[in-house]
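Here the structure comes first, spelled out in structure tokens, and everything after it is commentary.
The values are calculated or read from the model by the stated rules, or taken from the named source; none is laboratory data. It should be emphasised that the depicted structure is a prediction, and the values quoted were computed from it without experimental measurement. Every residue, glycine among them, receives a Cβ derived from its backbone with ideal geometry; neighbour counts consider all protein chains shown.
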Amino acid sequence: MPSYEPINALVRGLTVLEVMSTQEAFSVKELHARTGMPKPSLIRILETLIATGYISASGDPLRYRLSPRCLLLSSGVNRVSVLVDRITPLLSRFQSEIRWPSDVAVFDRDAMVIAATTRRPGMLSINRQVGSRVPVATTGVGRAYLAFLPEPQLMESLQTLRELTATPADVNGFMDILAQVRVRGYSVSDQEHHPRVRTIAAPIFDEGGVVAAINIIALSEVITIAELEDQYGSQLTELAKEMSVRPGCSG
């Protein structure tokens, strides 16, 4: 839980944008009815959104509309959506070839969020679904993602992780782990996130750099980490390259 109270003015502004996304245009009266906000407050919010370019107003009486600038707010989400559309067939094919399940995960400040998965109910008895959040520092997908960030972005991300999750505990040691990931081209997590799970993971790139990571998840009682690397390391890195917008990019 955050240690501070939400900024009410920001919450109200976001509420107005959400309501306005449901139809083409609104009057102040209609927005008042939908949001329950006092009209003076609502007008100040609308004028602020006009000044920042997120909405426009025209007509008599005035009707308010979202502007194209609002598309900027969804650009990161669209980036993930495009990724998922691109990699889903490849992910399904890969699972049929190797039998072990895989996740594709994206970074979200203090966690990796599963964007696509081939896990099925009962598989491994360790179920994750799209939208599940997993740690960054102890998972293969987290390490594979962080290892290929530009250094300024990496240091900023590590600082945020330390503030929000107190991990990694040993930053210098963790930097050594990331250096090994860059040399190998993939990361390993040997029962560090879950005692029954070993994973290897590789980065996925788009035009903007590393955007996600894909893993292979295996049961620790069935396969050693060395066997997992030997049997699937090359296949995984090749798949990650195939999933990347720039095939062959390795960071």
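Things to note:
- Any hit, the stretch 175-188, residues being in the same structural domain as Gln235 (by TED's automatic domain parsing), part of a loop (DSSP other than H, G, I, E, B), out of contact with any Asp or Glu (no Cβ under 9 Å at 6 or more places or on another chain) and β-branched (Val, Ile, Thr): no
- Residue check, Val183 hydrophobic (A, V, I, L, M, F, W, C) and in contact with a Ser or Thr (Cβ under 7 Å, 6 or more places away or on another chain): no
- Within the stretch 202-235, the residues that satisfy the criterion of being surrounded by fewer than 16 Cβ atoms within 10 Å (Cβ to Cβ), closer than 25 Å to Arg86 by Cα and at pLDDT 95 or above are Ser234, Gln235.
- Pairs meeting the criteria (first residue in the stretch 121-138 and modelled with pLDDT of 80 or more, second residue hydrophobic (A, V, I, L, M, F, W, C), beta carbons under 6 Å, at least 6 apart or on different chains) are Val130/Ile114; Ser132/Ile114; Arg133/Ala111; Arg133/Val113; Val134/Met112; Val136/Met112; Val136/Leu161.
- Pairing residues of the stretch 165-184 that are farther than 10 Å from Ala137 by Cα and at pLDDT 95 or above with residues that are assigned to a helix (DSSP H, G or I) and among the charged types (D, E, K, R), at Cβ distances under 6 Å and at least 6 apart in sequence or on separate chains, gives Val181/Arg143.
- The set of residues from the stretch 8-36 being in a helix (DSSP H, G or I) and within 14 Å of Ser56 (Cα to Cα) comprises Val16, Leu17, Met20, Val28.
- Count - residues of the stretch 73-108 that are more than 30 Å from Glu47 (Cβ to Cβ) and in a helix (DSSP H, G or I): 20
- Filter result for Met243 (under 20 Å from Leu154 (Cβ atoms) and not acidic (Asp, Glu)): no
- Residue within the stretch 223-241 that is assigned to a strand (DSSP E or B) and in contact with a Ser or Thr (Cβ under 8 Å, 6 or more places away or on another chain) present: no
- Residue count for the stretch 51-72, restricted to those that are part of a helix (DSSP H, G or I) and either in contact with a Phe, Trp or Tyr (Cβ under 7 Å, 6 or more places away or on another chain) or surrounded by 15 or more Cβ atoms within 10 Å (Cβ to Cβ) (or both): 2
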